[in-house]
Amino acid sequence: MLNIVLFGPPGAGKGTQSERLKEKYGLVHISTGDVFRGLDPESELGKLAKSYSDKGNLVPDEVTIQILESEVSKYPDAKGVIYDGFPRTTAQAEALDKFLASKGTEVSMMLSLVVPEEELKKRLIARAEVSGRKDDADPAIIQNRINTYNNSTAPVADFYRAQNKLSEVDGVGSIDDITNRLFAVIDGK
Ligand code: AMP
C-alpha cells in the first residue's frame, strides 16, 4: 500500500495537492478536517468537533483517532491512502502506526509542504471568500491555528524523520509546480 501523510500548516495546500495525488496514484483521500465538517451539526459528535474547530483548536486525540480509524476502515480495498490533516499530534502518529501495523501495512512517507507564515495568512484570508469557513475568516483564529501547528503539530515531522520517512517540499509557487515537486519525490522513492 502507498500510505502518504501529506503534512504542513493550515493553508499550505494539502487539500488541493491531495486531489492531484489521489488522481495520479489512485489513492483514497482522507481529510480529518473534511470528516469533521461533514458531521451532522446537530449530533453530539458534530457539536463537539465544531466547538474546537471554530476556535482553531485541535479536536481531542481520542475522538480524532477513532474517527480516522473508522474512516480508513470504509476502504478495505484501497491501493493506498493520503492522510491530509492527520496525524496532528505525536499521539495520533503513534496511533496511526499501531493501526496500520494491525492491518499489515505502514506509513510509506511523509511529504511536508513548507510555506512561510505570512504567505499562509494571505492564502487563508483569500480562501475564506470561497470556503465560507469561520476559521479562515478571522485573523485571531488563523493565528491560533498557526500557533497550534507550531506547538503541537510540527513535532510530528520529527516522528517521521526518525523513521527516515520525511521529505520536505517547497510549497510556494504555482499549484502545478508544487504538484510536480510532490510527484518527483514519490516517483523517486
Ligand atoms: P483542516 O481542514 O485540516 O484545517 O481542519 C479543520 C479543523 O478540524 C482543525 O482546526 C481542527 O479543529 C480539526 N481537525 C482536523 N484534523 C484534526 C486532527 N488530526 N486532530 C485534531 N483536530 C483536527
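Before moving on, here are some points about what is shown:
- Flag for Gly33 being within 13 Å of the ligand (Cβ to nearest atom) and assigned to a helix (DSSP H, G or I): yes
- Ile141 being at negative phi and within 14 Å of the ligand (Cβ to nearest atom): yes
- Contact map, region 161-183: first residue part of a loop (DSSP other than H, G, I, E, B), second residue small (Gly, Ala, Ser), Cβ cut-off under 7 Å, separation 6 or more or different chains; pairs are Gly171/Gly8; Gly171/Ala12; Gly171/Gly13.
- Any hit, region 52-60, residues being acidic (Asp, Glu) and away from the ligand (no atom under 14 Å from the Cβ): no
- Residue match in region 15-28 (condition: within 8 Å of the ligand (Cβ to nearest atom), under 23 Å from Ile146 (Cα atoms) and surrounded by fewer than 15 Cβ atoms within 10 Å (Cβ to Cβ)): no
- For the residues Ala137, Ala126, the requirement of being over 17 Å from the mean Cα position of the chain (by Cα) and either within 11 Å of Gly11 (Cα to Cα) or touching a residue at least 60 places away in the same chain (Cβ under 8 Å) (or both) singles out Ala126.
- Scope region 76-107; condition assigned to a loop (DSSP other than H, G, I, E, B), polar (S, T, N, Q) and within 15 Å of the ligand (Cβ to nearest atom); matching residues: Thr89
- A count restricted to region 162-182 and to residues that are under 13 Å from Ala93 (Cα atoms) and surrounded by fewer than 15 Cβ atoms within 10 Å (Cβ to Cβ) stands at 2.
- Scanning region 87-98 for residues that are open to solvent by 10 Å² or more (accessible area, probe 1.4 Å) and either aliphatic (A, V, I, L, M) or within 17 Å of the chain's Cα centre (by Cα) (or both) returns Arg88, Thr89, Thr90, Ala91, Glu94, Ala95, Asp97.
- Boolean, Leu111 is assigned to a strand (DSSP E or B) and open to solvent by less than 30 Å² (accessible area, probe 1.4 Å): yes
- Of the candidates Val156, Val185, the single residue that is surrounded by 13 or more Cβ atoms within 10 Å (Cβ to Cβ) and either within 14 Å of the ligand (Cβ to nearest atom) or over 18 Å from Gly13 (Cα atoms) (or both) is Val156.
- Which listed residue is exposed (fewer than 14 other Cβ atoms within 10 Å of the Cβ) and in contact with a Gly (Cβ under 6 Å, 6 or more places away or on another chain), from Asp40, Asp54: Asp40
The values are calculated or read from the model by the stated rules, or taken from the named source; none is laboratory data. Since we're looking at a predicted model, the values are computed, not measured. Glycine also receives a Cβ, built like all others from the backbone with ideal geometry; neighbour counts cover every protein chain displayed. Calculation scope for accessible area: heavy atoms of the full protein, side chains included, ligands and nucleic acids excluded. Shrake-Rupley method; radii C 1.70, N 1.55, O 1.52, S 1.80 Å.
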